[in-house]
Amino acid sequence: MHPHKQDWFNESKLCMFIHYGLYSQIGRGEWTQFYDKMPHEEVEALARTFDPKNFDAEELVLLAKNAGFRYACLTSRHHEGFCLFDSKVSDFTSVKYMGRDLLREFVEACRKHDMKVAVYYSLLDWRYKGYFDYQKHPESKASMVQQAFDQVREILTNYGKIDYLWFDGGWYEGVPGGAIRGKLLSEFWDSPRLLEMIYSLQPDILVNDRTGEPGDVTTPEQQTGASGDERYSEACMTIGDRQGWGFIQNNNLRPFPFILQNIIVQLSFGGNFNLNIGPMADGSLRDGERQLLTQLGSWMEKNSESVYGTGRAPAGVISVMGEFTTKGNDLYWHIFRWPHRGEAILSGLRKKVTRVTLLASGKEYPFEQQAYGRLIVKDIPLLAPDAVDTVFKIECTDEPTPADPGTYGIL
Ligand code: GLC
């Protein structure tokens, strides 16, 4: 399956991931039922107490938009099997238990606020014995696979245009080597046929790499990374401790510099970034998560030109002070570690620089270009204009730069 390309994806760059489900009531993350070996009756009881009274999709989407995200992704059904959407093939849904189609509220809020729609769907479902031992329970395994086909069809038929289908849970207990990608999984889920159905229903949709097939988007998790091929790469990361995709009481939120600098590193690979939040039981968000989103929004307000629609750092350009993104001939220098000698130096830039400005203010700075693609930006402030990521916009043309005098300077 050749990867699909959609211009909106590279333009958007930033996604807000929302993990919300029955598990949000427990406060120990979305795997609690598995780790605690909760009997299904207890899980079903969670469905009866689930009360998303403060789950306000429009508020979450506006939080995402104001933070600079351009698409958002809601867990429509996680490994626990509980659907946040209406399904004819399951009674274990938010519609049947509390009369709310949370996925519909989410997609409508996204479209109202011009956000692209991504939907997370877990292929596996812990309610099926066939997940835990598909050889011993072949019928259960078959009905779990059928549920996936039926529910993906429902999501792609009943909820309007879905821009990106974010699969997860494409493995099964006992899969050799604990694989979470690859041919074995593709056979288990009959993924080529699943993808054929998906693209027949929504030809422009993007699909990630977690059905066992490569899909259109690689999804490095809790780390940054390029796709290594012509597919998109989208790194996903929790806003707090590693285990906390779903709400975890008292989990430590990551510091803002860690979040922003990981976003920029991922963009320097030419990739996208998917930052996860985990609403609490009633659907509301912790203040700490709101604050981090607000901090990101403030930074994006002045620097989004160095994010949206950018490409990977140009080969050979190096600086220990930070990372690079590009747009056409222009280079955005993201400086995380501000130099205290009144000048900033990079090397390897083989384009003629015509102008250097501080992106946030437009203030112009003198500069000098030397051999080895060396660029020295001069008279810069002693203190970093932005303590986390100060961006210089370096406007360039394709004209040649000063020739290198033979061997490298110090050799
Ligand atoms: C892992 C976790 C899953 C989470 C996903 C997000 O697969 O097991 O719970 O939804 O990462 O990428």
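The values are calculated or read from the model by the stated rules, or taken from the named source; none is laboratory data. Just so it is clear, the model here is predicted, and its values are computed rather than measured. Quick reminder, even Gly has a Cβ in these numbers, built from the backbone with ideal geometry, and neighbours come from all protein chains shown. Note: areas computed on protein heavy atoms with side chains; ligands, DNA, RNA excluded. Shrake-Rupley method; radii C 1.70, N 1.55, O 1.52, S 1.80 Å.
For the reader, a short list of remarks on this structure follows.
- Computed over protein heavy atoms with a 1.4 Å probe, the carbon and sulfur contribution to the accessible area of region 322-396 reaches 50%.
- The fraction of accessible area contributed by carbon and sulfur in region 273-319 is 51 percent, rounded to a whole number (1.4 Å probe; ligands and nucleic acids excluded).
- Among ILE205, ILE345, ILE264: highest mean-square fluctuation, GNM of the chain, C-alpha pairs under 10 Å: ILE345
- Share of carbon and sulfur in the accessible heavy-atom surface of region 1-108 [1.4 Å probe, %]: 50
- Average Cα contact separation per residue, region 322-396, under 8 Å, 6 or more apart, as relative contact order %: 42
- For region 322-396, accessible area per residue (1.4 Å probe, heavy atoms of protein chains only), Å²: 43
- Dipole magnitude of region 7-306, debye to nearest 20 (Cβ charges: Lys/Arg +1, Asp/Glu -1, about Cα centre): 240
- Projecting the Cα atoms of GLN295, PHE336, GLN243 onto the charge dipole of the chain (Cβ charges, centred on the Cα centre) puts PHE336 farthest toward the positive pole.
- Over region 7-306, equivalent-ellipsoid semi-axes from the Cα gyration tensor in Å: 28, 23, 19
- Sequence ranges 171-180, 211-220, ranked by mean other-Cβ count within 10 angstrom, highest first: 211-220, 171-180
- LEU184-SER361 FRET efficiency (beta carbon distance; Förster radius 45 Å; 0.05 resolution): 0.25
- Length gained on full extension, ARG290 to GLN6, computed as 0.36 nm times the residue gap minus the Cα-Cα distance: 99.2 nm.
- Spin-label model distance (nm) - ASN54 vs GLN370, 7 Å beyond Cα toward Cβ: 5.8
- Entries in LYS161/LYS183; LYS5/LYS112; LYS13/LYS129 that, when Cα-Cα distance is taken, lie over 32 Å: LYS13/LYS129
- Here region 322-396 is assigned +1 on the Cβ of each Lys and Arg and -1 on the Cβ of each Asp and Glu. Its dipole about the Cα centre then comes out at about 240 debye.
- Listed residues PRO39, SER76, LEU63: farthest to the positive end of the dipole of the chain (Cβ charges): LEU63
- Accessible area (Å², per residue) of region 51-142, counting only protein heavy atoms and a probe of 1.4 Å: 39
- Hull shadow area, averaged, region 322-396 [alpha-carbon convex hull, nm²]: 4.5
- Ordering of 310-321, 62-73, 81-92 by packing [mean C-beta count within 10 Å, highest first]: 62-73, 81-92, 310-321
- For region 131-224, trypsin sites (Lys or Arg not before Pro) are listed when DSSP marks them as loop and at most 10 other Cβ atoms sit within 10 Å of their Cβ; the list is LYS136.
- Charges were assigned to the Cβ only: +1 to each Lys and Arg, -1 to each Asp and Glu. The resulting dipole of region 49-117 about its Cα centre is roughly 240 debye.
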